[in-house]
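No value in this document is a laboratory result; all are computed from the given coordinates. Just so it is clear, the structure is predicted and the values come from calculations on it, not from any experiment. A quick note on method: Cβ atoms are made from the backbone with ideal geometry, for glycine too, and the neighbour counts reach across all protein chains shown.
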Amino acid sequence: MSERPRCRLCKSASTQRIVIDDKVAAKTYIRCDDCGFIGVSPRCFPSKNEEKARYLLHSNNEESRGYREYLERFIDQALSPYLEPGSSVLDFGSGPTEQPLLRYLMEARGNSCSIYDPFFAPGRAWRGR
Ligand SMILES: [Zn+2]
């Protein structure tokens, strides 16, 4: 019998494995009995090459109408209510472009936006901000 994985959020050892087979692929999730966090088992994470290849399929520039609508809703509902005017934000996982759409939209609203992406924008200039 394998050891129970620890919760990635609270480090509790009181977790349960849940396997969901959606006919495309079976994935194992870990549910924490203490904090309620549910996350994909690290065993099911894609490799770094698979992850980068998937991100390269993204189209996250200003011509991407559906993505733009999604981001505008996200900004309006999840960011703007909590930001002071002129705040600086970090787009963590900014994707395969030098001008990510989130940065463009945030700057258009008077905010500054730093970007970071382990594959495409690995610089750390945002750390001092
Ligand atoms: Zn937990």
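Tabulated data
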item	result
Translational diffusion of the range 75-124, µm² s⁻¹ [Kirkwood Rh, Cα pairs; Stokes-Einstein; 20 °C; 1.002 mPa s]	192
In the range 1-92, the trypsin sites (Lys or Arg not before Pro) that fall in loop regions by DSSP, at most 16 other Cβ within 10 Å	ARG6, ARG8, LYS11, LYS23
Kirkwood Rh and Cα Rg combined as Rg/Rh, the range 1-45	0.98
17 Å Cα-Cα reach of LYS48 towards aspartates and glutamates, excluding residues that sit fewer than 8 places from it in its own chain	ASP117
For the chain, alpha-carbon Rg relative to the globular expectation (2.2 N^0.38 Å, N residues)	1.31
Lys/Arg +1, Asp/Glu -1 at C-beta; the chain dipole; positive extreme among PRO81, GLY66, SER14	SER14
Theoretical ellipticity at 222 nm over the chain - DSSP helices of four or more residues, -39500 (n - 2.57) apiece, nearest 500	-5500 deg cm²/dmol
Pairwise label distance in nanometres, ASP22 with ASP34, each label 7 Å out on the Cα-Cβ vector	2.9
Descending principal axes extents, the range 38-95, alpha-carbon based, whole Å	41, 30, 19
Neighbour net charge for LEU9 - beta-carbon separation under 14 angstrom, K R +1, D E -1	+2
